[in-house]
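The values are calculated or read from the model by the stated rules, or taken from the named source; none is laboratory data. Given the structure is predicted, the values throughout are model-derived calculations rather than measurements. Using ideal geometry, Cβ is built from the backbone for each residue, glycine included, and neighbour counts are taken over all protein chains shown. With ligands, DNA and RNA removed, areas are computed over all heavy atoms of the protein, side chains included. Shrake-Rupley method; radii C 1.70, N 1.55, O 1.52, S 1.80 Å.
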Amino acid sequence: MTAPHSTTKNILINTLLLVISCTLILLILEGSIMIFYPTPSGALQHMMTADEKLCFKWTPNFKGTINAKEYTTELTINEEGFRDETYKNVSGEKIVFSIGDSMTAAQQVPADKTFSKILQQKLGENYFVMNLGVPGYNPSQYYALLKRMLQKYKPNIILLNFFTGNDFITTKKDFRKN
């Protein structure tokens with residue numbers, strides 16, 4: 001017959017071993033996740049901010065470096081909250097809105113290599129192409145953004161850039177408040 005004191009002692013030792021084992025397993029899992037699925041660099045952690053009507057947007061006046069496996073890019077967001085140069089000096093030019101998601105924003109390439117800037121170069125100095133692309137946006141957000149920017153800039157041309165890989169296949173609940 002086992003004494004009650006040693007049974008209690010065995011239960012405490014086994015419980016302590018269980019807690020230590022579970023803690024070690026969780027630490028190993030956490031370490032593995034950090035190695036195989038690293039968190040974004042400092043730039044990515046603060047490049048987006050909340051927005052009441054759009055859900056989120058680029059953080060205005062943000063500057064940082066994106067260090068991804070496939071590319072490294074210097075990211076500069078203007079005062080309006082877009083990956084573009086300032087929009088203050090656009091009087092007298094024909095304005096083109098280029099609205100879309102990450103394909104339009106093109107954060108994988110330098111700002112002067114985005115298709116919005118290449119289009120501006122092709123159109124000439126009488127045009128100003130505004131890159132209004134934001135990674136993760138969907139057609140509902142394109143519409144809300146367009147409504148916001150139309151009054152301020154009154155564009156001559158609007159390019160809606162849809163990515164069929166996720167804009168129409170993935171069904172997303174409308175983010176706007178009713």
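Any idea which of Thr73, Thr104 is outside any loop (DSSP other than H, G, I, E, B), among the β-branched types (Val, Ile, Thr), in contact (Cβ under 8 Å) with a residue 40 or more places away in the chain and within 18 Å of Pro60 (Cα to Cα)? Result of the check over Thr73, Thr104: Thr104. When you check Lys113 against the structure, is it closer than 20 Å to Leu146 by Cβ, of a type in the set (Lys, Arg) and at pLDDT 85 or above, yes or no? Criteria not met by Lys113. Each residue in segment 141-158 was checked for being open to solvent by 70 Å² or more (accessible area, probe 1.4 Å) and assigned to a helix (DSSP H, G or I), and 5 of them qualify. Is there a residue being closer than 24 Å to Ile158 by Cβ, aromatic (Phe, Trp, Tyr) and modelled with pLDDT of 90 or more anywhere in segment 84-91? No, segment 84-91 contains no residue that is closer than 24 Å to Ile158 by Cβ, aromatic (Phe, Trp, Tyr) and modelled with pLDDT of 90 or more.
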